[in-house]
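For reference, the structure discussed in these notes is given below.
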Protein chains: 2
Amino acid sequence: MSKSLPKRSEDYSLWYNELVKRAGLAENSPVRGCMVIKPYGYAIWEKMQRILDDMFKKTGHSNAYFPLFIPKSFFSKEANHVEGFAKECAVVTHYRLKNAEDGSGIVVDPDARLEEELIVRPTSETVIWNTYKNWIQSYRDLPLLLNQWANVVRWEMRTRLFLRTSEFLWQEGHTAHATAQEAIAETEQMLGVYAEFAEKYMAVPVVRGVKSPNERFAGALETYCIEAMMQDGKALQAGTSHFLGQNFAKAFDVKFATKEGGLEYVWGTSWGVSTRLMGALIMAHSDDDGLVLPPMLAPIQVVIIPVFFNETQLAQISEKAKQIKQALEVRGISVKFDDRDTQKPGWKFAEYELQGVPVRIAIGARDLENGTAEVARRDTKVKTTYPLENLDAQVADLLNEIQENIYQKAFQFREEHITKVDSYEEFKNVLDTKGGFVLAHWDGTPETEERIKEETKATIRCIALDAEAEEGTCILTGKPSGRRVHFARAY
Amino acid sequence: MSKSLPKRSEDYSLWYNELVKRAGLAENSPVRGCMVIKPYGYAIWEKMQRILDDMFKKTGHSNAYFPLFIPKSFFSKEANHVEGFAKECAVVTHYRLKNAEDGSGIVVDPDARLEEELIVRPTSETVIWNTYKNWIQSYRDLPLLLNQWANVVRWEMRTRLFLRTSEFLWQEGHTAHATAQEAIAETEQMLGVYAEFAEKYMAVPVVRGVKSPNERFAGALETYCIEAMMQDGKALQAGTSHFLGQNFAKAFDVKFATKEGGLEYVWGTSWGVSTRLMGALIMAHSDDDGLVLPPMLAPIQVVIIPVFFNETQLAQISEKAKQIKQALEVRGISVKFDDRDTQKPGWKFAEYELQGVPVRIAIGARDLENGTAEVARRDTKVKTTYPLENLDAQVADLLNEIQENIYQKAFQFREEHITKVDSYEEFKNVLDTKGGFVLAHWDGTPETEERIKEETKATIRCIALDAEAEEGTCILTGKPSGRRVHFARAY
């Protein structure tokens, strides 16, 4: 076990970076802004992927794959989209290298310049709607419900592991519909899928809402989002679902013959979550000793550690441990039995705490005599002596309890960090002292939102779907407002 | 059903291209050389991925993710590697676009030129070994057994869907070991995994062998491969596994402290299969009516089609069909019940033949009266009337039988297309008339291999691992040879 982590209370940002590296989740790569996702981090991402993919398929979606490269001209076809995405991006200009004439290595071959530059996809609406044009002729071809798991690149100047990287992994759903109503229903359905995933699996409570026009996806008529609260009081956008209207259908001329014999533009949606979810997962639950993982996403749910002083003891404990492991695995629980003799039990305890393994079972020679084991929860650090008999059933229950407890803890924290304010002074004060979501009245204009952002670094995270109608006045301008919106400083 | 496919006997190449498009597997994209993998094609690829991934994990490997971009200078560090991979590639030179001053659209911002160009990975040895340098210090860190699922780009001038595309999807395993022996054992183990996957799941028999030096992976000491035979008598390399020696460890200075206290370079392997496997699967089994899929990789294993003349009949048949569907699904069989009334049964029969669904169950009103159903096999086209009672068990057996039959058919074809020849005349004659693998003696020199390739377009596909020692003389030079090698024209 290396030296202890920085404390959250002292330097939250440093704590996060160190935790990500030391727990074996990710690290920076030699390529600016790109990360290496390490095996343990990738194992969590794989679990997320598998669960989300099943949810997408249950809601009728299929996967497909579209090209990594997008011709530059495609971006110019949707006016807002180009402003949002085609500026800070990786541009492929050449397709060949050659040996330098002076023998100094390899250089770009100037004769191999592409006629049209290719953009490494920052998002795939353009190339996908260009394809949909050929796939959609009639209402019989609709709805078209596709998803893609892919890497995307957005050239970020300031990057942080998982939270903001130049290359990241994500899924992007792209659907096409015959009516606006159906497309909106799809947009809302997928927001629901994301919210359910965040709350049920990640144990992260989220606010469901819509973005203000300033924060809308470039090319969308409406952007729905889920917003989570981190332990430092900053918000994190965890997923978005966009109602695209007919914008991309018009940009790429995608029309369909209606049942009634007419010809209309297709209605579209797109929706995505990314490896950013890893950042949310880590920051929502972890503590100064390391990761705290909800059991449903933990690659190792239970670790069994033998406490022994000689080979004979180890052999006896191992026999029992393997029985326990097998009984747990029959229940679908993933178990690691760490019988290495190169590390002491105390070192292992700390290591698996760092890695956020939800349940640790320690078995010593005396435990065997007594027919017991010491079971430690990662979330509360409580240790309990359990009888070996029926241990698998008890651990299965405990995992459910931990999942629920982690969610409840995050939920309480979130609830304690929602503050209603009615003046700009109070607004700034809450942001500076307590953070969290600040519910305030806003006059609905982009100018006011922009000025508040400049002065306080807080943005409107969303207008909650369940926001109640309430007469009030904008905290900045005093103009009338019909409901409060969620402000916060955010990742 | 659109017009029928071209025939294999008339234009094999056109047959393949049309089949890939019409069966909904893939199509060309607007980006030169890049394909769109359509939902049905992607569903097959997902099945392949899932099975392979499980096999990798069972043999102790974990997944991770490394950057898409590789700094140009990395390639120069391994002399052979740069020649093999860094030439025809996608080069990122800029990271920003801007609005053209004349308002004509967006252009590359000349002020945003990268200091060092980035190459879109054609394969990841360099960026991964650069990372391994930080991960490996001691023998305790070894072996390191990682795999990555990713997209890669090799700028191909002549492309064909799945078989050769500029961007393709693949997995690349990269392992590090303490000894040469262990690395060679890993290389051979993964070749075994690929061979088992090809034969057991894809139903494609393969020759296991090693490449001649000419055909070796750029940077490897030895390249193992599996070679399959297509229906037009051409070979297809279906997977490779490379023993890298210490080449990349030396290029990236990756050393480890041995148990004995020394400091040594690490031994490496890499191995990969790609969406090219889709091409092999399609070309190995399909016929003039469409795809023939082995049940183990078919997204839809059984389709049930009702044959009805009115709503009442449809309702009665549907009730029975849903029972059958459920009984099959309990057995883990994927079933589609196509009760659309917009298409006639005959149209549906042809459509699912095109898509290669292994078993079709047709149920009409008379079948219901008789308590029977008509079951048609896609592989042999044989139709049989089965009693409805116990139908699920019979269909489950039938799927196994089809899987085995498809393999046996491909195996027999392959066996009939292996010819031993002892003269260059005979060699050329067999290639031109019959194709297939031609087993011939070769003097072991790159020059001879090159000349044979130039004159006949045939290459040494591999030196089979089970090749028997046999004295002979090279078909071209008459020089002595100790065993026959597998020549073929290839994809």
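Overview of results
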read-out: Filter result (more than 7 Å from chain B (Cβ to nearest Cβ) and among the aromatic types (Phe, Trp, Tyr)) within region A:48-78; value: A:Phe56, A:Phe74
read-out: Count of region A:445-462 residues which are crowded, with 17+ Cβ neighbours inside 10 Å and either among the β-branched types (Val, Ile, Thr) or assigned by TED's automatic domain parsing to the domain that holds A:Gly239 (or both); value: 5
read-out: Verdict on B:Asn99 being more than 7 Å from chain A (Cβ to nearest Cβ), over 28 Å from A:Pro39 (Cβ atoms) and in contact with a strand residue (DSSP E or B) (Cβ under 7 Å, 6 or more places away or on another chain); value: yes
read-out: Options B:Val127, B:Val108, B:Val91: the member that is touching a residue at least 12 places away in the same chain (Cβ under 8 Å), closer than 28 Å to A:Asn80 by Cα and crowded, with 22+ Cβ neighbours inside 10 Å; value: B:Val91
read-out: Hey, B:Lys428 in contact (Cβ under 8 Å) with a residue 24 or more places away in the chain and within 30 Å of B:Leu297 (Cβ to Cβ) or not; value: no
read-out: Tally, over region B:331-362, of residues that are of a type outside the set (A, V, I, L, M, F, W, C) and closer than 28 Å to B:Met283 by Cα; value: 14
read-out: Region B:55-111, residues that are closer than 17 Å to B:Trp170 by Cβ and β-branched (Val, Ile, Thr); value: B:Ile70
read-out: Condition met for B:Trp45 (out of contact with any helix residue (DSSP H, G or I) (no Cβ under 9 Å at 6 or more places or on another chain), touching a residue at least 24 places away in the same chain (Cβ under 8 Å) and either crowded, with 18+ Cβ neighbours inside 10 Å or at the interface with chain A (Cβ under 9 Å from one of its Cβ atoms) (or both)); value: no
read-out: First in region A:7-18 and closer than 14 Å to A:His285 by Cα, second anywhere and at pLDDT 95 or above and among the aromatic types (Phe, Trp, Tyr), Cβ under 6 Å, 6 or more apart; value: A:Arg8/A:Trp15
read-out: Number of the condition not met by A:Ile226 [criteria: (1) outside the structural domain of A:Arg377 (by TED's automatic domain parsing); (2) buried (at least 23 other Cβ atoms within 10 Å of the Cβ); (3) farther than 28 Å from A:Lys453 by Cα]; value: (3)
read-out: Candidate set: region A:121-145, residues that are closer than 11 Å to A:Ile70 by Cβ and among the β-branched types (Val, Ile, Thr); chosen: the one nearest to the other protein chains (Cβ to nearest Cβ); value: A:Val127
read-out: Test result for B:Arg113, touching a Ser or Thr at 6+ places or on another chain (Cβ under 7 Å), at the interface with chain A (Cβ under 10 Å from one of its Cβ atoms) and of a type in the set (Lys, Arg); value: yes
read-out: Some residue of region B:176-189 being without any contact (Cβ under 8 Å) to a residue 24 or more places away in the chain, at negative phi and in contact with a Leu (Cβ under 7 Å, 6 or more places away or on another chain); value: no
read-out: Which listed residue is within 30 Å of the chain's Cα centre (by Cα) and within 14 Å of chain A (Cβ to nearest Cβ), from B:Ile304, B:Ile300, B:Ile333; value: B:Ile300
read-out: Residue check, A:Leu118 within 10 Å of chain B (Cβ to nearest Cβ) and touching a Cys at 6+ places or on another chain (Cβ under 7 Å); value: no
read-out: Candidate set from region A:154-175 (those that are within 13 Å of chain B (Cβ to nearest Cβ) and more than 16 Å from the chain's Cα centre (by Cα)); member that is surrounded by the most Cβ atoms within 10 Å (Cβ to Cβ); value: A:His174
read-out: Selection from region B:431-448 of residues that are charged (D, E, K, R) and touching a residue at least 12 places away in the same chain (Cβ under 8 Å); value: B:Lys434, B:Asp443
read-out: Residue that is surrounded by the fewest Cβ atoms within 10 Å (Cβ to Cβ) [pool: residues in region B:474-491 that are without any contact (Cβ under 8 Å) to a residue 40 or more places away in the chain and out of contact with any Gly (no Cβ under 9 Å at 6 or more places or on another chain)]; value: B:Gly478
read-out: B:Gln231 being over 16 Å from B:Leu465 (Cα atoms), polar (S, T, N, Q) and outside any strand (DSSP E or B); value: yes
read-out: Lone unmet requirement of (1) within 24 Å of B:Leu118 (Cβ to Cβ); (2) outside the structural domain of A:Pro143 (by TED's automatic domain parsing); (3) polar (S, T, N, Q) for A:Ser29; value: (2)
read-out: Residue match in region B:231-243 (condition: in contact with a Leu (Cβ under 7 Å, 6 or more places away or on another chain) and either at pLDDT below 95 or β-branched (Val, Ile, Thr) (or both)); value: no
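The values are calculated or read from the model by the stated rules, or taken from the named source; none is laboratory data. Fair warning: this is a prediction, and the values are worked out from it, not measured in the lab. Here the Cβ is made from the backbone with ideal geometry for all residues, glycine too, and neighbour counts use every protein chain on show.
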